[in-house]
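Right, one structure below, let's go through it.
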Amino acid sequence: MHRLPILTAAATGALALAPAAEAKVTPTHSARSVARAIVASPQLLRGASWVEHPPRGNWAATSTTRYVGFPRSGPSFGLLSSGSARLIGRPDSSGSLSTDNDGPLYRGTRDAVVLRIGIDVPAGARCLSLRFRFLSEEYPEYVHTGFNDAFIAELDRTRWTAATGGPRIHAPGNFAKVRDGRLVSVNGAGAFAVTRDRARGTTYDAGTRRLRASRPITPGRHDVYLTIFDQGDHQFDSTVVLDGLTANRRTPCVSGASLD
Ligand SMILES: [Ca+2]
Ligand SMILES: [Ca+2]
Ligand SMILES: [Ca+2]
């Protein structure tokens with residue numbers, strides 16, 4: 001299926017006179033700035049870098065303006081997008097917001113963004129967790145098609161792969177997956193499905209509930225990998241909002257995504 005591009009990164013970059021409502025979403029290409037906005041405490045953060053990002057566009061941002069229940073901790077939260085992260089607060093006047101960031105084919109996907117956050121887990125901590133909400137423009141037209149944009153969270157290794165034509169995604173280390181093994185994606189189901197009301201106040205056509213991804217962890221140095229991508233083509237973008245990355249003593253610490 002061929003879907004025509006609606007906007008290019010160059011076009012969205014030209015929205016310099018955006019309304020004030022968008023002004024507090026700050027686009028950045030600094031991995032450290034995004035990581036700082038996501039961690040619950042600065043002591044946890046050891047470093048950050050991009051494993052992958054498209055050659056152009058506003059694929060990452062931080063925000064001090066409240067959207068969809070974020071920030072969850074501190075004054076700001078982070079955004080990663082397969083389109084333009086700065087457009088989250090734009091009026092939802094389009095059902096097909098699409099930004100081609102010219103991302104090359106990467107593990108079967110397009111416009112992929114993979115952020116590595118290096119953390120130093122304190123002694124006694126045994127549970128890693130992260131708050132997030134996945135938002136997508138693919139709803140409702142492209143649910144249960146090959147355009148299965150997704151969010152993936154991994155620890156210490158990133159090894160997900162996806163089928164170029166979709167909708168298959170292989171992510172064995174993903175701790176943001178639902179307990180039945182399904183991913184948080186356009187094709188998600190049940191309590192983890194994207195619905196229109198869960199994206200209210202944003203430009204996106206649907207979102208998940210507010211979720212928390214968790215998994216057991218050991219003290220010392222680790223790397224958290226956070227991924228978002230377009231599947232099938234560059235169009236109809238998806239964005240994940242992220243906050244509250246922490247390592248604590250919470251028990252039980254069950255791997256996977258749960259309602260936050
Ligand atoms: Ca895109
Ligand atoms: Ca929309
Ligand atoms: Ca897409």
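Residues whose amide H comes within less than 5 Å of that of V39, counting only those at least five positions distant or on another chain, are L245 (H built at 1.01 Å from N in the peptide plane). Subtracting the Cα-Cα distance of R221 and A163 from their residue separation scaled by 0.36 nm leaves 17.7 nm. Taking the centroid of alpha carbons for each part, the stretch 205-260 and the stretch 95-130 are 9 Å apart.
In terms of other Cβ atoms within 10 Å, V254, V68 run from fewest to most in the order V254, V68.
Take every DSSP beta bridge with both residues inside the chain and express the antiparallel ones as a percent of the total, to the nearest 5. Within the chain, antiparallel bridges account for around 95 percent of the total.
Per-residue packing, averaged as other Cβ atoms within 10 Å, sorts the ranges 244-250, 35-41, 129-135 into the order 129-135, 35-41, 244-250, beginning with the highest. For V184, the residues whose amide H sits under 5 Å from its own are F151, V178, ignoring neighbours fewer than 5 places away on the same chain, with H placed 1.01 Å from N.
Per residue, the average separation of C-alpha pairs within less than 8 Å and at least 6 apart gives the chain a relative contact order of 28 percent. The helix-based estimate of mean residue ellipticity at 222 nm for the chain, built from -39,500 (n - 2.57) per DSSP H run of four or more residues and divided by its residue count, is -1000 deg cm²/dmol to the nearest 500. When the charge dipole of the stretch 18-110 is built from unit charges on Cβ atoms (+1 for Lys and Arg, -1 for Asp and Glu) and taken about the Cα centre, the candidate among P42, T99, S73 whose Cα reaches farthest toward its positive end is P42. Looking at the square roots a ≥ b ≥ c of the eigenvalues of the Cα gyration tensor of the chain, which shape do they give, rounded for a/c under 1.5, prolate if a/b is larger than b/c, or oblate? Note, shape of the chain comes out prolate. The simple spin-label model puts a point 7 Å past each Cα toward its Cβ; for V51 and R212 those points are separated by 2.5 nm. When C127, C253 are sorted by how many other C-beta atoms sit within 10 angstrom of their C-beta, beginning with the fewest, the order is C253, C127. Taking the stretch 73-111 and a reference point 7 angstrom along Cα→Cβ of R200, the backbone N atoms nearer than 15 Å belong to 92. Classify the stretch 120-260 as rounded, prolate or oblate, taking a ≥ b ≥ c as the square roots of the eigenvalues of its Cα gyration tensor: rounded when a/c is under 1.5, otherwise prolate if a/b is larger than b/c and oblate if not. In terms of gyration-tensor shape, prolate.
Residues R32, R182, ranked from the fewest to the most other C-beta atoms within 10 Å, line up as R32, R182. Taking a point 7 Å out from the Cα of L259 in the direction of its Cβ, the residues of the stretch 102-135 whose backbone N falls within less than 19 Å of it are 130-135.
Amide H contacts under 5 Å for G103: D111, restricted to partners 5 or more places along the chain or on a different chain, H placed in the peptide plane at 1.01 Å from N.
All of the numbers you see were taken from the coordinates with simple rules; none came from a lab. Please read these numbers as outputs of a predicted model, since none were measured by experiment. So basically every Cβ, Gly included, is an ideal-geometry build from the backbone, and we count neighbours across all protein chains shown.
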